[in-house]
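The values are calculated or read from the model by the stated rules, or taken from the named source; none is laboratory data. This one's a predicted model, so the numbers in the text were calculated from it and none came from an experiment. No Cβ is skipped: glycine too gets one built from the backbone with ideal geometry, and neighbour counts run over all protein chains shown. For the accessible areas, the whole protein counts, side chains as well, though only heavy atoms, and no ligand, DNA or RNA atoms are used. Shrake-Rupley method; radii C 1.70, N 1.55, O 1.52, S 1.80 Å.
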Amino acid sequence: MHVTSSFFLALSVLLLLPSTEMRRAGKGRGLRGARHGLTRDRVRAGGRHSRSGPSRLVGTDCSESIESGEVFVDCQDRRLTSIPSSKIWSKEPKHLLLARNRIKILRDGVFAGFEGLKSLDLQQNQISVVEDGAFEGLTKLTTLLLQHNTLGTLSEEALIPMPNLRYLRLYDNPWICLCPMDSLIRTLQVPSNRNLGNHARCAEPVRLKDRKLKQVDAELLCQESDSTSPQGDQTDPIDTLNPSPIRTKPDATTSCHTYLFPQPRLDCSNRGLTEVPAGIPEDIVHMDLSHNSIIHLRARDFQGARSLRTLNLSNNNMGHIDTASLSGLLHLRELDLSDNSLHFVQYGVLEDLYFLSNLKLGGNPWVCDYSIHYMVYWLRLHPGVKHSGLLCRSPPEYTGESVEQYVHSYNRECPKDRQRSQTDPELWNTPLELQAELEEEEVEPSHLRAPQKYQIIRLS
């Protein structure tokens, strides 16, 4: 009995007294196990994301892809309020896209771990404060996009950690051109920094409103505080002597969103534009002007945009295109003219589009009369161009018929006219007329090829 009592007493002590230490030991093992499991998950995740291939999710917020051997991390439109951690990527990112989020402040050292970045896109956030050490460690960064934010001031100190910076976008920020901006403006005006801060303009004070930062006299900035004192009459004469420049056309870089990666793209859709903006950068490859109110394309509207490959002009209620509107777009491959108010395209509009491969024409009220013939002739001479939507809307007898069928039936109505070139040997000297005769097609009307004051009609 005594032995039994001792046994139960020892068992009670064993169960009750060391319980805390046992829980501590169990907890320790649990933490170690959790850490081990987390590490195992990270390794597993790293192995999953390290495979090359198309864009794939990284964590829960961003996607990672590899283009031209460099890692692009796409965190756009994720409603982020802070910079994601650099530890979740499978490989060191070279390009970090953070556009269209809700980031408000860039703290010192916020990009620690991103030392290999070449480009950083922070446009279209709500950034109002950039601390001096925010970009610390980004010694390889060449491109920084900060346009379309709410920055009022920025110190030159913030740019010092980026000695290789070559492209800096700062426009569409409410810059307050007073003494705190002195060092930044002086830096932007250094001749070797010709691609830093282009198009950025002052919002305040009134006398410098809309003045480009690169054109502000830095010597006078720290005197602005005196001009804001009750002596307001001193600023009025300056306003009359230095009026804000008058711009007849909107500026492409300030009116639209510019994206540099993976290819330079200008997004001008839904911007309320009534004309093609001026100053399209030469390196832009894709341009979207859809869903605006551009009713007329004018000559030289795309002058200088020689790198364009795709151009979207859909949904503009556009009714007229001047002959030289698309001149110079020698490398254009895709053109979208759908959902406009085009009745025809006049002669010469498409002549510079040597490499066009896709032409969208649907949703236009094409009128099937003699004016539409140029479009059909051009398409026949460029069989590699895929086109869609070229249907007659009027007159009623042709509604719904393809324009090609209309032109074919039009030519069939007067067969003898198609044979008149046989009597003129000179017309056989060019491949165009020869091809037309072999196909029993009408040669391109002479009045379309060259304007004539008089027209002679032969009646057979």
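Each peptide in 113-120, 385-392, 214-221, 284-291 was scored by the mean count of other Cβ atoms within 10 Å over its residues; highest first, the order is 284-291, 113-120, 385-392, 214-221. Surface composition of the stretch 61-202: carbon plus sulfur atoms contribute 47% of the solvent-accessible area (1.4 Å probe, protein chains only, all chains present). In units of the compact-protein estimate 2.2 N^0.38 Å, the stretch 69-131 shows a Cα radius of gyration of 1.06. Within the assembled protein chains, the solvent-accessible surface assigned to D77 is about 90 Å², based on a 1.4 Å probe. Accessible area per residue was computed with a 1.4 Å probe on protein heavy atoms; Y259 scores about 10 Å².
Need the full-extension length gain, H296 to K386, defined as separation in residues times 0.36 nm minus the C-alpha distance. One decimal, nm. Can you show the working numbers first?
Values: separation 90, 0.36 × 90 = 32.40 nm, distance 2.46 nm.
That pair, H296 and K386, stretches by 29.9 nm at full extension.
For Y406, Y167, the ranking by accessible surface with the largest value first comes to Y167, Y406, using a 1.4 Å probe.
In this structure, the amide hydrogen of F302, modeled 1.01 Å from its nitrogen in the peptide plane, lies closer than 5 angstrom to no residue at least 5 positions away or on a different chain.
Here the gap between F355 and V285, fully extended at 0.36 nm per residue and compared with their Cα-Cα distance, gives a gain of 23.8 nm.
For the stretch 238-384, the per residue solvent-accessible surface stands at 44 Å², with DNA, RNA and ligands left out and a 1.4 Å probe.
Is the stretch 295-338 best put as rounded, prolate or oblate by its Cα gyration tensor, with a ≥ b ≥ c the root eigenvalues, rounded for a/c under 1.5, and otherwise prolate when a/b is larger than b/c, oblate when not?
Since a/c reaches 1.5 but b/c is at least a/b, the shape of the stretch 295-338 is classed as oblate.
Computed over Cα pairs, the Kirkwood radius of the stretch 267-353 leads via Stokes-Einstein (1.002 mPa s, 20 °C) to a diffusion coefficient of 168 µm² per second. Full extension of the chain segment joining E397 with R79 gains 109.1 nm, where the gain is 0.36 nm per residue of separation less the Cα-Cα distance. Counting heavy atoms of the protein chains alone, R201 has an accessible area of about 40 Å² for a 1.4 Å probe. Each of D210 and E67 was given a label point 7 Å from its Cα along the Cα-to-Cβ line. The distance between the two points is 3.6 nm.
Distance cut-off 21 Å, Cα to Cα: go down the list K87/K140; K104/K249; K104/K212; K94/K214; K91/K140; K249/K360 and report the pairs above it.
Distance filter (> 21 Å) returns K104/K249; K104/K212; K94/K214; K249/K360.
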